[in-house]
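First the structure, which I've put down as structure tokens, then a few questions once you've had a look.
Please treat every number below as a calculation from the coordinates, not as lab data. Because the structure is predicted, anything quoted here is derived from the model rather than measured. All Cβ positions, even for glycine, are placed from backbone atoms using ideal geometry, and neighbour counts span all protein chains on display.
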Amino acid sequence: MTRPTVLPPMLPTVRARPFDPPEELAGDRAHEPIRRLRYPDGHIGWLVTSHALARSVLADPRFSARSEFKRAPVARPSADPFYGRTALPGWLVDMDAPEHTRIRQRLAGRFTARKMKDLRPQLDRVVDEHLSAMAESTPPADLVERFALPVPSLAICELLGVPYAERAAFQRNSATLFSLDVSEAQAALAMDQLDSFLRELTEHKRGRPDDGLLSALVADGTLSTEEIAGVGVLLLTAGHETTASSLSLGAFALLSHPEQLAALTGDPSLADNAVEELLRYLTIFHFGVPRTPLEDVELAGRSLRAGESVTVSLSAANRDPAQFADPDRLDLTRRATGHLAFGYGIHQCLGQNLARVEMRIAFPALFRRLPGLALAVPPGEVPLSTDMGFYGVHRLPVTW
């Protein structure tokens, strides 16, 4: 048995090209799909980079998602209040079955593909209103501020029953939670403020229900106020941050690949396929998914001990040539079936159908309404969000 390679301290974060994951992640993937990884706290765990092994780990109940065992693979003080301790109420991403199952079952029916189809008229209206406002204004503009952030923020607010007027506070606190540069105290305060807001809103729904998910959970009576608030914080923060990153980074990628943009604008029926390829190619959850074996496990010739941290690199798995031919090329005609941008297994992203519908509506509409859309700065001047838990751009200056 060969001795596994140990990567330098922490997961690599430096990118040679804006749309490609760090080159070190691929390594010798074909011969070493699982390697040793030194975590910021000195712990020596594992890094999984192949598509096959990523699916295997994420589907295996022997690998726990519980927050008590989690370690961040990069220096991230904002995770310190939440990793290494019991999951917050309602935070099903930090739980194993049966607790995870109990909460997810109360939510899954609200995020089906059919339910999201029913949201299309509302999403069409939101997208049209924001693009009309842009079209009537004078360029340049920041596409993040004017389009990529407000569209998913409005969508998740409507779905949950959260007043959109509160967006400044929850967007600020959400950005704090996902930042790599804030302190433990700042992250804890942001979570406290979000949790307080959602608890008060949940109690308000008891007397004045609406059609949103929070009211539905209150009426169901299965979850406690604390759990409903926790679910609300999780869905509100991740539900707008992830899609905002996908929309802004996806627009940047399309503007940087004119032949692919021409294919999309020339054939609107390509939209569904294009969304899946952009999800695969960009994989905004760039620091991977943490798991921990609850018992000793043999995996691809390696002996993993119970309690050793495992980071599953979704971005590396989605660039695995064993799964996707010529994986470093953006190809909107590719059938990107099986990509892991939303994870895999019982923790696969609950809101994936919502994200898909938002992207399928937003991208064709963006380039149809603003056919002359172009970057307003050189590509190298677009500020990339390498300092956030979700990869994207902080701003995307555009003209038309």
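For the stretch 139-254, treating each Cα as an identical point scatterer without solvent, what Debye log10 I(q)/I(0) comes out at q = 0.19 1/Å?
-0.99
What FRET efficiency comes out for the pair Glu381/Ala165, r = Cβ-Cβ distance, R0 = 45 Å, nearest 0.05?
0.85
Using a Förster distance of 30 Å, how high is the FRET efficiency between Ala59 and Ser269, based on the Cβ-Cβ distance and rounded to 0.05?
FRET efficiency, Ala59 to Ser269: 0.40.
May I ask you to compute the full-extension gain from Arg17 to Glu145, defined as 0.36 nm times their residue separation minus their alpha-carbon distance, rounded to one decimal in nm?
Values: separation 128, 0.36 × 128 = 46.08 nm, distance 2.40 nm.
Stretched fully, the Arg17-Glu145 segment lengthens by 43.7 nm.
Among 91-97, 281-287, what's the highest-first ranking by average C-beta atoms within 10 angstrom per residue?
Put in order of decreasing packing, that is 281-287, 91-97.
Given 4 °C and 1.567 mPa s, compute D for the stretch 1-124 with the Stokes-Einstein relation, Rh being the Kirkwood radius over Cα pairs; round to the nearest whole µm²/s.
This corresponds to a translational diffusion coefficient of 74 µm²/s.
Using alpha-carbon pairs under 8 Å, 6+ residues apart, how would you state the relative contact order of the stretch 256-400 in percent?
Over the stretch 256-400, the number comes to 26 percent.
Considering the zone a paramagnetic label at His43 would reach in this model (a point 7 Å from Cα along the Cα-to-Cβ line), which residues of the stretch 296-310 have amide N under 19 Å from it?
Under 19 Å, as judged by backbone N against the label point of His43, lie 296-299, 303-310 of the stretch 296-310.
Of the peptides 232-245, 131-144, how do they stack up when ordered by the mean number of other Cβ atoms within 10 Å, highest first?
So the peptides 232-245, 131-144, ranked by packing, come out 232-245, 131-144.
Using the crude model of +1 on Lys and Arg Cβ and -1 on Asp and Glu Cβ, and no other charge, please compute the dipole size for the stretch 23-399 relative to its Cα centre, in debye to 20.
620 debye
What is the sum of charges, Lys and Arg at +1 and Asp and Glu at -1, for the other residues whose Cβ falls under 12 Å from the Cβ of Asp41?
+3
Distance from the Cα centre of the stretch 236-308 to that of the stretch 166-222, in angstrom?
If we compute the Cα centre of each part, the gap is 26 Å.
Moving to a separate point now. Count charges around Glu308 for me, please; just the other residues with Cβ under 15 Å from its Cβ, Lys/Arg as +1, Asp/Glu as -1. All intermediate terms of the calculation are to be shown ahead of the outcome.
Numbers: positive: Arg35, Arg36, Arg38, Arg62, Arg66, Lys70, Arg71, Arg291, Arg302, Arg305; negative: Asp41, Asp60, Glu68, Glu295, Asp296, Glu298.
Spelling it out: positives minus negatives among the neighbours equals +4.
Another question, then. Which translational diffusion coefficient, to the nearest whole µm²/s, is obtained for the stretch 102-200 from the Stokes-Einstein equation, given a Kirkwood hydrodynamic radius over C-alpha pairs, 37 °C and 0.692 mPa s?
Using the Kirkwood radius from Cα pairs, D works out to 207 µm²/s.
Based only on other Cβ atoms within 10 Å, what is the fewest-to-most ordering of Ile156, Ile361, Ile228?
Fewest to most other Cβ atoms nearby, the residues stand as Ile361, Ile156, Ile228.
Under DSSP H, which helices of the chain have Cα atoms covering 27 Å or more of the helix axis and a Kyte-Doolittle average no less than -1.0?
What comes out of the filter, once short or polar helices are dropped, is 184-207, 225-256.
Follow-up. List the residues whose amide H sits under 5 Å from the amide H of Leu37, counting only those 5 or more places along or on another chain, with H placed 1.01 Å from N in the peptide plane.
Leu7, Gly45, Trp46, Leu47
Right, next: Quick one: which of 174-182, 351-359 comes out on top by average Cβ neighbours within 10 Å, and what's the full order, highest first?
Most protected by this proxy first, the peptides run 351-359, 174-182.
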